[in-house]
Amino acid sequence: MKILAYEVRDDERAELLRVADELGVELSCTDDVPSMDTADAAAGFDAATFLGMGTIDERLLTRWHELGVRFLSTRTVGHNHIELSAAHRLGMRVCNAGYPPEGVAEFTVMLMLLTLRNYKPALWRQQVNDYSLSGLMGRELSSLTVGIVGLGRIGQAVARCLSGFGCTILACNPSPVAAFEGQVEFCDLDDIFLRSDLITLHVPLTDETHHMIDAAAIERMKPGVVLINCARGGLADTDALIAGIESGHIGALGMDVIEGEEGITHIDHKTEILSNPKMAYLRQFPNVVLTQHMAFYTLADTRSMAREGIRGIVDMAAGRPCPREL
Ligand code: COI
């Protein structure tokens, strides 16, 4: 079994090679992002694994299929970058990679606290020996109603983290989660919009969830609402977020992800003009904390992504059940 690993960061290379060695896989690594320009690097490989910055569309899948690639894994939980129906039509098997949800959940809580306590402008000030307080008065999480959109593994971990803060927790999910009955109040999305002081998104990006946070949704929210997104940029319409921040209806944004981040995030652009002007514009606001899609970036999570990315392919190829097959 020969696997080509795309988008390999230096910090995951050793674990990828170690797992490949353990499972008897011949692994080659490249930092290239999968695209039509880099597709042919997969000639002679049975499988390819990648992260989330390429668009794995029908054209690319067809080329890989022509080259003999039959198995794919994304070393991510999210898989909105893959045209799964096309992969299935071609008979290609695809899986994703799971990792413990606590890393993303804790990062989410960090963004909540950073935004609620105005830490971004406080940090700016103390860099220039300005230790003044004016304008930095914050709010306690304990006094707020937090709405969790999506109570999957990450949403549940966020609810567990929040349980110690004493806030009221609302959650919406396709169906109530028995283990959380009594700890969170299950309600519909519109209730979350109407009643929450702070809303955090933990749903996958699909046709149904695309731009679930748009101008109409923001209009329904409380003035001063805080929005946190550590899931996918496409869940929120950036123009609506900008309008909400400009008008003050949105009190603060904590965003680990943003629409159009591909090709920008995880790369050093400090000597260039950013190709996504909305990202550059939003970044400047004192009440907008924009991080580089790094909520997943812990040792435990990155190890798990590398392991599951290789193991999933090996299991599918061996005809063993692969719990994360898509
Ligand atoms: C995911 O696992 O879904 C992530 O967001 C990780 C990132 C490397 C794309």
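Mind checking whether some residue in segment 96-117 is open to solvent by 10 Å² or more (accessible area, probe 1.4 Å), over 23 Å from Leu299 (Cβ atoms) and part of a loop (DSSP other than H, G, I, E, B)?
Yes, segment 96-117 has at least one match.
Determine if segment 80-91 includes at least one residue that is touching a residue at least 24 places away in the same chain (Cβ under 8 Å), within 13 Å of the ligand (Cβ to nearest atom) and touching a Lys or Arg at 6+ places or on another chain (Cβ under 8 Å).
Yes, because at least one residue in segment 80-91 is touching a residue at least 24 places away in the same chain (Cβ under 8 Å), within 13 Å of the ligand (Cβ to nearest atom) and touching a Lys or Arg at 6+ places or on another chain (Cβ under 8 Å).
Tally time: how many residues in segment 295-321 are open to solvent by 20 Å² or more (accessible area, probe 1.4 Å), within 14 Å of the ligand (Cβ to nearest atom) and of a type in the set (Gly, Ala, Ser)?
Number satisfying all stated conditions: 1.
Restricting to helices (runs of 4 or more DSSP H) lying wholly in segment 189-265: which have 3 or more residues that are crowded, with 20+ Cβ neighbours inside 10 Å?
Ranges flagged: 238-247.
Where residues in segment 226-239 are within 16 Å of the ligand (Cβ to nearest atom) and over 14 Å from Gly155 (Cα atoms), which of them is farthest from the chain's Cα centre (by Cα)?
Within segment 226-239, the match that is farthest from the chain's Cα centre (by Cα) is Ala236.
Here's the yes/no breakdown for (1) away from the ligand (no atom under 15 Å from the Cβ); (2) of a type in the set (A, V, I, L, M); (3) under 24 Å from Leu16 (Cβ atoms):
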{"residue": "Leu241", "(1), (2), (3)": "yes, yes, no"}
{"residue": "Ile245", "(1), (2), (3)": "yes, yes, no"}
{"residue": "Glu259", "(1), (2), (3)": "no, no, no"}
{"residue": "His293", "(1), (2), (3)": "no, no, yes"}
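Please enumerate the residues belonging to segment 1-57 that are assigned to a strand (DSSP E or B) and of a type in the set (D, E, K, R).
Lys2, Glu26
Kindly indicate which of Arg18, Arg75, Arg63, Arg13 is touching an Asp or Glu at 6+ places or on another chain (Cβ under 9 Å), of a type in the set (D, E, K, R) and away from the ligand (no atom under 13 Å from the Cβ).
Arg63 is the lone residue from the list that is touching an Asp or Glu at 6+ places or on another chain (Cβ under 9 Å), of a type in the set (D, E, K, R) and away from the ligand (no atom under 13 Å from the Cβ).
Within the bounds of segment 32-40, is there any residue that is in contact (Cβ under 8 Å) with a residue 24 or more places away in the chain, over 20 Å from the mean Cα position of the chain (by Cα), within 10 Å of Ala5 (Cα to Cα) and open to solvent by 50 Å² or more (accessible area, probe 1.4 Å)?
yes
Restricting to segment 61-70, count the residues that are on the phi < 0 side of the Ramachandran plot and surrounded by fewer than 23 Cβ atoms within 10 Å (Cβ to Cβ).
6
The values are calculated or read from the model by the stated rules, or taken from the named source; none is laboratory data. None of the values given here were measured: they were computed from a predicted structure. In this analysis, Cβ positions are derived from the backbone assuming ideal geometry, glycine residues included, and neighbour counts consider all displayed protein chains. Side chains are part of the model used for accessible areas, which takes the heavy atoms of the whole protein and leaves out ligands, DNA and RNA. Shrake-Rupley method; radii C 1.70, N 1.55, O 1.52, S 1.80 Å.
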